[in-house]
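Written below as structure tokens is the structure these notes are about.
The values are calculated or read from the model by the stated rules, or taken from the named source; none is laboratory data. Source: prediction; values computed, not measured. FYI the Cβ positions are ideal-geometry reconstructions off the backbone, even for glycines, and counts take in every protein chain you see.
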């Protein structure tokens, strides 16, 4: 949803929140967390679909070095990459870039 278009009036929602019981708030929290997980998984799945075993990729490691390698396997949440310096990395697909 964009910030310009929303399903419900935020002011009315804020007023409703202030009147909710602890039980209602815990339920709402559970629903929000579940939806955020769903959105994150959908984003990850979309990114994962961009890669196949054998693809040449690069990524920036935590130390700032750019690593180059080949996609070996698509895991549930990560991509296994075998780098040109013979190291195996499990990388979020969000951090991978295809190379030629």
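Can you name every residue in segment 50-73 that is without any contact (Cβ under 8 Å) to a residue 40 or more places away in the chain and in contact with a helix residue (DSSP H, G or I) (Cβ under 8 Å, 6 or more places away or on another chain)? So that I can check it myself, show each step before the final result.
Of the residues in segment 50-73, the ones without any contact (Cβ under 8 Å) to a residue 40 or more places away in the chain are 52-54, 59-73.
Selection gives 59, 60.
Could you tell me which residue of segment 59-72 is nearest to residue 98 (Cα to Cα), considering only residues that are outside any loop (DSSP other than H, G, I, E, B) and under 18 Å from the mean Cα position of the chain (by Cα)? If you could, list the steps in order and put the result at the bottom.
Kept after step one, since they are outside any loop (DSSP other than H, G, I, E, B), are these residues of segment 59-72: 59-60, 66-72.
Restricting the remaining residues to those that are under 18 Å from the mean Cα position of the chain (by Cα) gives 59-60.
Values: 59: 9, 60: 13 Å.
So the residue we want is 59.
Given 91, 33, which one is surrounded by 12 or more Cβ atoms within 10 Å (Cβ to Cβ) and under 20 Å from the mean Cα position of the chain (by Cα)?
Values: 33 fails: surrounded by 12 or more Cβ atoms within 10 Å (Cβ to Cβ).
Of 91, 33, the one residue that is surrounded by 12 or more Cβ atoms within 10 Å (Cβ to Cβ) and under 20 Å from the mean Cα position of the chain (by Cα) is 91.
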Practice problem: With the checklist (1) touching a helix residue (DSSP H, G or I) at 6+ places or on another chain (Cβ under 9 Å); (2) modelled with pLDDT under 95; (3) farther than 22 Å from residue 80 by Cα in hand, flag the one item residue 47 doesn't pass. | Solution: (3)
